[in-house]
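Here the structure comes first, spelled out in structure tokens, and everything after it is commentary.
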Amino acid sequence: MTETAGTAGTTAETATGTGGEVDGGAFIELDGVEKVFDVRKKTGFLKRERRQVRAVDGLSFTVSRGEVVGYIGPNGAGKSTTIKMLTGILTPSGGRLRVAGIDPSRERTRLAHRIGVVFGQRTTLWWDLPLIDSYRLMHRMYRIPDARYRENLDRCVELLQLQDLLDVPVRQLSLGQRMRGDIAAALLHDPEVLYLDEPTIGLDVVSKTKVRGFLRDLNAERGTTVLLTTHDLQDIEQLCSRVMVIDHGRLMYDGPLEGLHEAGESERTLVVDLARELPPIEAPEPARVVRVEGPRQWLAFPASASAAGLVAAVAARYPLVDLSVREPDIESVIAKMYAERAGA
Ligand SMILES: Nc1ncnc2c1ncn2[C@@H]1O[C@H](COP(=O)(O)OP(=O)(O)OP(=O)(O)O)[C@@H](O)[C@H]1O
Ligand SMILES: [Mg+2]
């Protein structure tokens, strides 16, 4: 990482603000991008089998400046691999890839000044140092002008509530605290695009809400382009105007979230606790009981329908003690989307 400090100070200033939009506004541009991993698997004593994993398989899309895009798909779909190629950590096996007009794997250092990245599963902070020391190192490494650094740091500290954490060594932070620290670290140098790979993983509800609010403001005020990978559909609902679904390294859907719900005819679940064990509730169509466990019953109903009518209908005829409504998760939406396609 130290190489960054040496070369890019001047390049960053000249590059910022202008370039990038080649081909009519595309800020991120992928054309038939592929990534194939060679893996060796032990198949017996001294026996190894070579196998190729096609993690990304001919991916083409563009993202314009200022867009907030959700990048979703099941485990192993190729999301993190895509993000690693977009930062230059991994080199594509084929196809063409540009971010702000830069080929990431060839000019990783120059690109580093224009992008920010947060990997929820890993930290970019120095493990043994107090949080503030990581920020000071980044200040120097990225040659951030002093006033700008102060301003960005103050803003992040306030909005991500890092005041009491700055002097704590990173290894002593909780997951949620560390994640907030990582998000701040990714933003100190005013990146034009932010890649977030599961930034809300393991966060409690309050922290999730804070992080989402922060990202929304960042996009509105600074016009930062955001590419967000998550397994939490609420992240997408609250942040993204556009969703891309990827599976087996291929793009399966690209459009608004509502379209995804329609494509997958996604359902919400009403969970009710009755006063006692009863046979499955006779719910008004199209709601139906999908699970019964003692006095608790689960009723699936279309995500587009209001829960209020269903609740009223159930409450009128059954001894209702408690209830909650569960949103569909991304995996079930995608699973339904595939089922629909296979059936069509
Ligand atoms: N360095 C690597 N070497 C070999 N195979 C890899 C490597 N990195 C990823 N893969 C494989 O590539 C595929 C895509 O992995 P990737 O991490 O991009 O998935 P993902 O969509 O991020 O999944 P998740 O939701 O679990 O994070 C998987 O089959 C994975 O095992
Ligand atoms: Mg991943």
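Values as computed for the structure displayed
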| quantity | calculated |
| --- | --- |
| q = 0.18 Å⁻¹: log10 I(q)/I(0) that the Debye formula gives for region 267-327, counting C-alpha atoms only | -0.52 |
| Which of Glu107, Glu293, Glu282, Glu198 has the fewest Cβ neighbours within 10 Å, and the rest in rising order | Glu293, Glu282, Glu107, Glu198 |
| The chain - percent relative contact order, Cα under 8 Å, separation 6 or more | 18 percent |
| Descending semi-axes in whole angstrom, ellipsoid equivalent of region 166-310, from the Cα gyration tensor | 37, 21, 13 |
| Calculated from backbone phi, Karplus (6.51, -1.76, 1.60) coupling profile of region 273-287 in Hz, x at Gly/Pro | 9, 9, 5, 7, 5, 9, x, x, 4, 8, 8, x, 4, x, 5 |
| Calculated P(r) of region 114-210 - Cα pairs past 19 Å, % | 35 percent |
| Per residue, the convex hull volume that the Cα atoms of region 119-161 enclose (Å³) | 86 Å³ |
| Links that overshoot a 29 Å alpha carbon limit, given the list Lys41/Lys84; Lys35/Lys210; Lys35/Lys208; Lys41/Lys208; Lys35/Lys336 | Lys35/Lys210; Lys35/Lys208; Lys41/Lys208 |
| FRET efficiency estimate (nearest 0.05) - Cβ-Cβ, Ala275 to Asp204, R0 30 angstrom | 0.45 |
| Contour minus Cα-Cα distance for Gln121 and Lys47 (0.36 nm per residue) | 23.4 nm |
| Average silhouette area of region 50-152, convex hull of alpha-carbon atoms, in square nanometres | 9.2 nm² |
| Cα-based Rg of region 69-112 normalised by 2.2 N^0.38 Å, two decimals | 1.19 |
| Computed [θ] at 222 nm, helices only, for the chain once each DSSP H run of length n ≥ 4 contributes -39500 (n - 2.57) | -10500 deg cm²/dmol |
| Viscosity 0.890 mPa s, temperature 25 °C, Stokes-Einstein D of region 2-261 from Kirkwood C-alpha radius, µm²/s | 128 µm²/s |
| C-alpha long axis of helix 146-159 to longest principal axis of the chain, angle in ° | 10 degrees |
| Estimated FRET transfer efficiency (Asp322, Glu258; beta-carbon r; R0 22 Å; 0.05) | 0.15 |
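Readers should treat all values here as calculations from the given coordinates under stated rules, not as data from a laboratory. Because the structure is predicted, anything quoted here is derived from the model rather than measured. Please note: Cβ atoms are built from the backbone with ideal geometry, for glycine as well, and neighbour counts cover all protein chains shown.
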